[in-house]
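Here the structure comes first, spelled out in structure tokens, and everything after it is commentary.
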Amino acid sequence: MNIRQATRADAEQIAQIYDPYVRNTAISFETDPVTTEQMADRITEISAHGPYFVAEEHGRILGYAYAHPWKERAAYSLTLETTVYVSPTEKGRGIGTALMARLIDDCRRRGFTALIACITAENDASIIFHNRLGFEQVSHFHKVGYKLGRYHDVIDMELLL
């Protein structure tokens, strides 16, 4: 497995990984699938300001991770929000951990001071995953997302770099 910087050419495979999370879960609060072109534009925009990595094996994208500005105000400029997704067929291989380790190292190297992971409160696997990486829960918001016919809580987890 190779971890490398994402490019616009990865957009189709990244969108395919993301699509089941959008359609079938409250892990993502997006409600409409993202097109390849929309994903390509996101890759370009996010990569211009922060790290965006893919895990690749034999030309196939297995997962991706990126960090983008947490808030727009200048005072937050050294804090990023992280995102990581692994293909549902590739879970349990350490791909997410490898991606996040690379992402955290890159953010630290670039001089960022804090990373925030915004997680649906019922996503126990992601909460455990982030705890293992050193993130700590710092907030709990109640009923802030409505998807799949019900309300969902969200927690924020923070890692100081």
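The values are calculated or read from the model by the stated rules, or taken from the named source; none is laboratory data. Given the structure is predicted, the values throughout are model-derived calculations rather than measurements. Note that each Cβ is placed from the backbone with ideal geometry, even for glycine, and that neighbours are counted across all protein chains shown. Only protein heavy atoms, including side chains, enter the accessible area calculation; ligands, DNA and RNA are left aside. Shrake-Rupley method; radii C 1.70, N 1.55, O 1.52, S 1.80 Å.
Starting from one equal scatterer on each C-alpha and no solvent at all, send me the Debye-based log10 I(q)/I(0) for the chain at q = 0.15, 0.16 Å⁻¹, two decimals.
One equal scatterer on each Cα of the chain leads to -0.82, -0.95.
Any chance you could check the Cα centroid distance between segment 69-136 and segment 3-23 for me, in angstrom?
Comparing the Cα centres of segment 69-136 and segment 3-23, I get a distance of 17 Å.
Quick one, could you list the DSSP H helices from the chain stretching 18 Å or more along their long axis (Cα atoms) with average Kyte-Doolittle hydropathy of 1.0 or above?
Numbers: long enough: 11-24 (20 Å, -0.67); 95-109 (21 Å, 0.20).
The qualifying helices: there are none.
Taking the chain as a Gaussian network, Cα atoms linked when under 10 Å apart, which of His130, His140, His58 shows the biggest mean-square fluctuation?
His58
Beta carbons within 10 angstrom, averaged per residue: use that to sort the peptides 103-112, 46-55, 146-155, highest first. Show your work: numbers first, answer last.
Numbers: 103-112: 16.0, 46-55: 19.0, 146-155: 13.6.
Output ranking for 103-112, 46-55, 146-155: 46-55, 103-112, 146-155.
Name the aspartates and glutamates eligible as straight-distance cross-link partners of Lys91: C-alpha to C-alpha under 19 Å, and not fewer than 8 places from it in the same chain.
Straight-distance partners of Lys91: Asp19, Glu56, Glu57, Glu122, Asp124.
Taking a ≥ b ≥ c as the square roots of the Cα gyration tensor eigenvalues, with a/c under 1.5 meaning rounded and otherwise prolate when a/b beats b/c, else oblate, which class fits segment 42-135? Walk me through the numbers before you get to the answer.
Numbers: a/c = 1.88, a/b = 1.33, b/c = 1.42.
Cα axes put segment 42-135 in the oblate bin.
If you roll a 1.4 angstrom probe over the protein chains with everything in place, what fraction of the accessible area of the chain belongs to carbon and sulfur, to the nearest %? Let's see the in-between values first.
Values: 4320 of 8730 Å².
C and S atoms contribute 49 percent here.
Say each of Glu72 and Thr89 gets a label point 7 Å from the Cα, pointing the same way as Cα to Cβ; how far apart are those two points in nm?
4.0
Could you state the accessible area per residue of segment 1-50 in Å², with a 1.4 Å probe and every protein chain left in place? Mind dumping the intermediate values first?
Details: 2760 Å² over 50 residues.
Per residue, segment 1-50 has 55 Å² of solvent-accessible surface.
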